[in-house]
Amino acid sequence: MEEQKDTNGKLMTGAQMVMEAFVREGVDTIFGLPGGANLPLYDVLENQGVGIQPPPPGVEPKAYPIKHYLVKHEQCAAHAADAYARVTGKAGVCYGTSGPGATNLVTGIATAMLDSVPIVCITGQVSSALLGSDAFQETDITGVTLPITKHNFLVNRTQDIMPAIRQAFYIAASGRPGPVVVDITKDAQNASIDYEYDDSAVRLPGYRPEQHPLPDELEDAVEMIQSAKRPIIFCGHGIIKANATAQLLEFVHKTNIPVAMTLLGLGGFPATHQRSLGMMGMHGEAWVNTAIQEADLIIALGMRFDDRVTGNLKTYAPNAKKIHVELDPAEINKNVKADLPLLGDVREILQLLNTRIGRVQCDDWVKHIDELKGDSAVRDIKDMPDSGKLYAAHVIHDLWRFTEGKALIVTDVGQHQMWEAQYYKHDHPRKLVTSGGLGTMGFALPAAMGARFACPDDEIWVVAGDGGFQMTAAELATCSQEGIKVNVAVINNGYLGMVRQWQQFFYGGRYVATPIKSPDFVKLAEAHDLKGIRVTSRSEVRVAVEQARANKETTVVDFRVEQEDSVYPMVPAGADLDKMIRRPVPATNPIYETGKDD
Ligand SMILES: Cc1ncc(C[n+]2csc(CCOP(=O)(O)OP(=O)(O)O)c2C)c(N)n1
């Protein structure tokens, strides 16, 4: 390609353009791993920051004000970018080289897609002359990621780089957010051209991310809400994404309607609020699921009626009219028929409703739900006397107490994830990072690294199972190399616990391929120049938490918990929502042994 001058009289390469676009998009952190096809993008990171945008005061003129963090596996780069986005609300960025680098990103991309998280993944691609020739490390990554991205681009001309990246950030973050891949051929990264930055608003014909409800629909909603006798509000992930917690609180204070949360909605409404009912669904609170089946109105805010939330659709909330507030038209009537869809930004819609709404006469209903709690407290394992045994619920409950509910928790996937949801009471949004939709084991540790850079002042705890932790435990080396401080609580039960639980309940207790042997996690931490602590009884939990907090380096706490405990309640997959398997009451439960109280 013919070389030309840029607007400052300097040549600009495609790789420099990527960085220039990043600076303008406010990118400060990239997670990735280099290879042949993205080397120009790496070289420019530290050596050629001399583009059209001068660096801010105090920054070396030859370096861009962007820090790259080297991971051990590209999947982890995508998870780190994902968590960065979940806690900041702005797009996270990751890099992978062509071929295996790009395909390693796939699980992270799918995780972000299922939870509507904005990430921009830049992959290196073989040079354009080699495209389609099965060149070394060539993979059609735009083809591979088509169903798991909101959009993707293959860029093989330098002049197309800047527009593609600007569009990628716009698409990733606007409307219902999601991941975008920009695959850039190596020759496009290397070539230099003259370029004038176009800072006009990105316009994409046919893409209309904004929706607004009609005034008539709002009036209908007010009427339905005002005349309800047994209403429930559902707080979904959309509340957190739209930063609508304050508007939801106002709505609840005005109407007095109780609120149930989805897993990803936890923290969108304060867990300790008087009107908070807790989580719904497969491992939701028993009284919540029962109340949903008895409700006469559901006001669903920014959620998508996932099968883990509804159970059997045929019998789901049979008496309830449904108002579904949602940004993505594709979600309306997808799983559950909406009597009144309100399309638009949930924050804006709540603001509009708040100007029209008043108190709803549902005191009897609130009292009834309280009664539904019935014997739940006596079944609650956290309230049992200390029998000398350590239960996962104890660990999470104590972690909540000792961190005063203020830590940012990043979970993996499995039983521990559900116990976290039940026992760590989140009062603030963006303080729980968890893979809800895809349920990706291995997510937690790399995601915690991303959260670390997004929230340097937060106390961060990974809560992971012994199975999932081992999937990405190599990132302990990244924590060590990059000086990343997080605390890791491994809920070590010697099993792929959630699958073991399914085998116990539904496969006659035949534990095929679920018992697992793990390394000594204390030694594993020490092998990475990090700290490790082992805990085998409840009385040791406090000291371990305090020590981990005090250590400067990442600390792994190996909590050796009861091996065959299960998460209750449980709605078997596809069963009616109120047909739950309950934790046996203590006297009849063989796993309890009475011991002296502490
Ligand atoms: C990548 C991936 N593979 C398989 C699964 C299926 N799966 C869901 S939970 C689970 C067990 C998790 O075990 P562990 O990490 O030890 O956590 P625990 O359930 O014991 O808390 C498995 C295998 C998954 N969610 N993700």
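The values are calculated or read from the model by the stated rules, or taken from the named source; none is laboratory data. What you are looking at is a predicted structure, and each value in this text was computed from that prediction instead of being measured. Neighbour counts run over all protein chains shown; Cβ positions are idealised from the backbone, glycine included. The accessibility values were calculated without ligands, DNA or RNA, using every heavy atom of the protein model including side chains. Shrake-Rupley method; radii C 1.70, N 1.55, O 1.52, S 1.80 Å.
Roughly how many percent of the accessible protein surface of the chain is carbon and sulfur, given a 1.4 Å probe and a whole-percent answer?
Values: 12050 of 23670 Å².
With neighbouring chains kept in place, the figure for the chain is 51 percent.
How big is the shadow of the Cα convex hull of the stretch 191-346, averaged over all directions, in nm²? Before the final figure, lay out each step's value.
Numbers: hull surface 52.0 nm².
Orientation-averaged projected area of the Cα hull: 13.0 nm².
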Suppose every K and R has +1 on its Cβ and every D and E has -1 on its Cβ; what is the size of the dipole of the stretch 304-380 about the Cα centre, in Debye to the nearest 20? 200 debye
Phi angles of the stretch 127-133, converted by Karplus (6.51 cos²θ - 1.76 cosθ + 1.60, θ = phi - 60°) into ³J(HN,Hα) in whole Hz with x for Gly and Pro, give 4, 4, 5, 9, 4, x, 9
To the nearest 20 debye, the stretch 452-598 has a Cα-centred charge dipole, built from +1 on Lys and Arg Cβ and -1 on Asp and Glu Cβ, of 320 debye
Expected vector for the stretch 253-264, Karplus 3J(HN,Hα) from phi with 6.51, -1.76, 1.60 and θ = phi - 60°, integer Hz, x for Gly and Pro, equals 5, 6, 9, 6, 7, x, 10, 10, 10, 7, 4, 7
Between Ala129 and Ile332, what FRET efficiency follows from the Cβ-Cβ distance if R0 is 30 Å, with the result rounded to 0.05? 0.05
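Given a Förster distance of 35 angstrom, what is the FRET efficiency for Lys517 paired with Ser376, based on the Cβ-Cβ distance and rounded to 0.05? Provide the component values of the computation, followed by the final result.
Values: r = 36 Å, r/R0 = 1.03.
The calculated FRET efficiency here is 0.45.
Give me the percent of DSSP beta bridges within the chain that run antiparallel, rounded to the nearest 5. Could the numbers behind the result be given before it?
On the way: 4 of 68 bridges.
Within the chain, antiparallel bridges account for around 5 percent of the total.
Have a look at the DSSP beta bridges in the stretch 382-527 and tell me what percent are antiparallel, nearest 5.
On the way: 1 of 12 bridges.
Bridges in the stretch 382-527 that DSSP calls antiparallel: roughly 10 percent.
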Heads up, I need the accessible area for Ser539: 1.4 angstrom probe, whole protein in place, Å², nearest 10. 90 Å²
What angle, in degrees between 0 and 90 and rounded to the nearest 10, separates the Cα long axis of helix 215-226 from the longest principal axis of the Cα atoms of the chain? 30 degrees
Residues whose built amide H sits under 5 Å from the amide H of Gly442, excluding neighbours closer than 5 in sequence, are Val413
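Starting from the Cα gyration tensor of the stretch 143-183, take the square roots of the eigenvalues, sort them a ≥ b ≥ c, and report rounded, prolate or oblate (rounded when a/c is under 1.5, otherwise prolate if a/b is larger than b/c, else oblate). Don't skip to the end; give the middle numbers.
Values: a/c = 4.04, a/b = 1.30, b/c = 3.12.
Here the stretch 143-183 falls in the oblate category.
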Once the Cα atoms of helix 497-506 and of the chain are each reduced to a long axis, what angle between those two axes, in degrees from 0 to 90 to the nearest 10, is obtained? 50 degrees
Under the rule of at least 5 residues apart or a separate chain, name every residue whose amide H is placed under 5 Å from the amide H of Met12. Asp6, Ile193
Interchain or long-range residues, amide H under 5 Å from Val463's placed H: Val410, Thr411, Asp412, Ala489
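Using a 1.4 Å probe, what is the accessible area per residue for the chain, in Å²? Please list the in-between numbers first.
On the way: 23670 Å² over 598 residues.
About 40 Å² of surface per residue is accessible.
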What nm distance separates the two modelled labels at Lys314 and Glu553, each placed 7 Å from Cα along Cα→Cβ? 5.8 nm
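All other residues with a Cβ under 14 Å from the Cβ of Ser128 taken together, and with Lys, Arg as +1 and Asp, Glu as -1, what is their net charge?
Numbers: positive: Arg157, Lys186; negative: Glu138, Asp140, Asp160, Asp183, Asp187.
So the environment of Ser128 carries a net charge of -3.
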To the nearest 10 degrees, how steep is helix 541-550 against the longest Cα principal axis of the chain, on a 0 to 90 scale? 20 degrees
Label point at Gln361 placed 7 Å out along Cα→Cβ; residues across the stretch 198-230 whose backbone nitrogen lies under 16 Å: 223-230
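Restrict the search to the stretch 481-515; then list the chymotrypsin sites (Phe, Trp or Tyr not before Pro) that DSSP places in a loop and that have at most 15 other Cβ atoms within 10 Å of their Cβ.
Details: sites: Tyr495, Trp502, Phe505, Phe506, Tyr507, Tyr511; in loops: Tyr507, Tyr511.
When the chymotrypsin sites (Phe, Trp or Tyr not before Pro) of the stretch 481-515 are filtered for loop state and at most 15 Cβ neighbours within 10 Å, Tyr507, Tyr511 remain.
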Residue-averaged [θ]222 nm for the chain, counting only DSSP H segments that reach four residues, each worth -39500 (n - 2.57): -9500 deg cm²/dmol
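Can you give the local net charge around Ile240? Use residues other than it whose beta-carbon is closer than 12 angstrom to its beta-carbon, Lys and Arg +1, Asp and Glu -1. Write out the running numbers ahead of the final one.
Working: positive: Arg86, Lys241, Arg347, Arg430, Lys431; negative: Asp115.
Residues close to Ile240 contribute a combined charge of +4.
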Among Ile193, Ala102, Ala377, which residue has its Cα positioned farthest towards the positive end of the charge dipole of the chain, with +1 placed on the Cβ of Lys and Arg, -1 on the Cβ of Asp and Glu, and the dipole taken about the Cα centre? Ala377
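Lys and Arg at +1, Asp and Glu at -1: add these up for the other residues within a Cβ distance under 10 Å of Thr255 and post the number. The partial results should precede the final answer.
Details: positive: Lys254, Arg275, Arg359; negative: Glu250.
Taking every Cβ under 10 Å from that of Thr255, the sum is +2.
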Looking at this model, which pairs from Lys90/Lys382; Lys150/Lys382; Lys72/Lys186; Lys186/Lys431; Lys373/Lys517; Lys229/Lys382 are more than 31 angstrom apart at the alpha-carbon? Lys90/Lys382; Lys150/Lys382; Lys186/Lys431; Lys373/Lys517; Lys229/Lys382
Residue-wise HN-Hα coupling along the stretch 74-88, computed from phi with Karplus coefficients 6.51, -1.76, 1.60 (Hz; x: Gly, Pro): 4, 3, 6, 5, 5, 5, 5, 4, 4, 5, 4, 5, 4, 8, 9
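Suppose every Lys and Arg Cβ carries +1 and every Asp and Glu Cβ carries -1, with no other charges. What dipole size does the chain come out with about its Cα centre, to the nearest 20 debye?
980 debye
Can you bin the chain into rounded, prolate or oblate? Criterion: square roots of the alpha carbon gyration tensor eigenvalues sorted a ≥ b ≥ c, rounded for a/c under 1.5, prolate for a/b above b/c, oblate for the rest. It would help to have the intermediate numbers written out before the result.
Values: a/c = 2.10, a/b = 1.35, b/c = 1.56.
Taking the square roots of the gyration eigenvalues as a ≥ b ≥ c, the chain is oblate.
By the gyration tensor of its Cα atoms, with a ≥ b ≥ c the square roots of the eigenvalues, what is the shape of the stretch 153-217: rounded for a/c under 1.5, prolate for a/b over b/c, or oblate? Before the final figure, lay out each step's value.
Numbers: a/c = 4.20, a/b = 2.36, b/c = 1.78.
Note, shape of the stretch 153-217 comes out prolate.
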